[in-house]
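Worksheet for the structure shown next.
Only the coordinates and a few stated rules stand behind these numbers; no lab work does. Here the structure is a predicted model, which means the values were calculated and not measured.
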Amino acid sequence: MSPEHDLSLQSRSDECPNSTRLSRRSALRVGLVVSVVPLAGCTSEEMNGTSPNNTTTNDEQNEDGNQSNDGEEVNKIDPDETFVAVIETYLQAAVEGDLDTMSEVSHSLNPLDPAAWVEGGWEFRGSDGDENVGEYNIELRTENGTVADLLELEGAKFWFERDELTAELDGEDIAVLEVHPEDPTEGEANVWVLATEDGEWKYLFSAPIDDTPDDPEEAFEEPIEDENSDVVEEIDWEYDSPTSDVPQAAVVLTDERGVDAGRIRAESTIAGASTEAYDRDDEDFTATWTGVTLYIQFNPDGDQIVVTAINEEDDKEWIIHREHYVPSEDSD
């Protein structure tokens with residue numbers, strides 16, 4: 001469905017098989033689309049097959065002139081109970097770690113079906129023991145969506161090829177909805193795309209609502225340099241992917257670690273991409289983050305990559321490296 005991706009999280013080579021490739025921040029918590037992770041852990045008492053209380057009617061929408069966070073007009077009408085059920089089922093299954101149910105309500109074209117990733121050897125990370133989804137509200141943008149609507153979402157063009165997706169969804173229905181945590185501090189709002197498959201609505205894709213600043217540099221924080229290369233050897237902003245036209249940077253991790261951390265996370269804060277490499281040694285899978293190169297999407301108009309070391313045993317994480325990219329030069 002999608003082109004081969006460049007995030008060889010547990011490989012020392014860019015020539016790893018598809019099953020060990022991953023990218024986008026929605027990708028590593030394997031299969032649990034990270035765009036919904038902020039909602040996990042904060043349960044909705046209102047979403048048992050019914051629409052949220054604070055959605056409005058078409059008439060109210062016309063009076064209020066409601067808009068989504070990214071400026072697009074949103075019809076805040078009660079979403080079809082079927083749409084609500086799909087989203088609710090997926091979110092609850094995600095925090096419970098129920099991969100079978102997550103896969104069951106996922107469209108076959110969903111590039112982040114968790115069951116498929118886990119089958120390929122990836123680790124699934126759910127809600128860290130909290131099995132509550134949290135309170136959230138669902139708003140319907142349109143139940144007459146198009147492939148173009150999907151491809152406008154953050155990261156969609158990385159995962160999908162337009163012509164192939166158009167052919168695959170020919171004759172199917174598409175709905176576009178927004179999911180907002182009731183408490184904005186609990187996470188970001190996301191756009192969800194559902195599509196029919198064999199006559200049933202399925203979860204196809206989701207992404208954060210685009211809130212990219214007009215001037216990315218205004219969102220930059222002070223650079224932090226990993227002077228001793230405890231984690232980061234270098235960030236190559238000029239990496240030329242052989243498999244994707246999406247701008248990506250190569251975050252090269254050290255061969256000799258200088259920190260007590262079993263997991264390393266890289267984030268591009270403007271593009272909103274995130275990926276991780278980690279240590280693992282069990283009967284199913286062996287991996288290490290040392291010597292790995294992480295490939296991560298960045299905003300070509302300006303971005304910053306933040307590399308964080310994570311010690312899960314001590315429940316600690318700290319920023320190791322923060323580096324800026326501006327179009328006129330490679331880095332600050």
**Study point:** Vicinal HN-Hα couplings computed from phi for the stretch 302-319 (Karplus, 6.51 cos²θ - 1.76 cosθ + 1.60; Hz; Gly/Pro x)
**Key:** x, 7, 9, 9, 10, 10, 10, 8, 10, 10, 6, 5, 9, 6, 10, 8, 8, 6
Exercise for review: Based on alpha-carbon positions alone, could you give the equivalent ellipsoid semi-axes of the stretch 254-300 from the gyration tensor, as √(5λ), descending, whole Å?
Suggested key: 24, 13, 9
Check your understanding: Short version: ³J(HN,Hα) in whole Hz for each residue of the stretch 103-112, in order, from phi by Karplus 6.51 cos²θ - 1.76 cosθ + 1.60 (θ = phi - 60°), x for Gly and Pro, what are they?
Key -> 5, 5, 8, 8, 5, 5, 8, 5, x, 10
Check your understanding: Which residues' amide hydrogens lie under 5 Å from the amide hydrogen of THR142, considering only partners 5 or more residues apart or on another chain, with H built in the peptide plane?
Key -> VAL176
Point to revise | Relative frequency of Cα-Cα separations exceeding 20 Å in the stretch 139-238, percent | key: 55
Check your understanding: Tell me, in nm to one decimal, what length is gained between ASP163 and GLU256 on full extension, where the rule is 0.36 nm per residue of separation less the Cα-Cα distance?
Key -> 29.1 nm
Practice item. Take the Cα gyration tensor of the stretch 216-332, multiply each eigenvalue by 5, square-root it, and list the three semi-axes largest first, rounded to whole angstrom. Key: 24, 16, 12
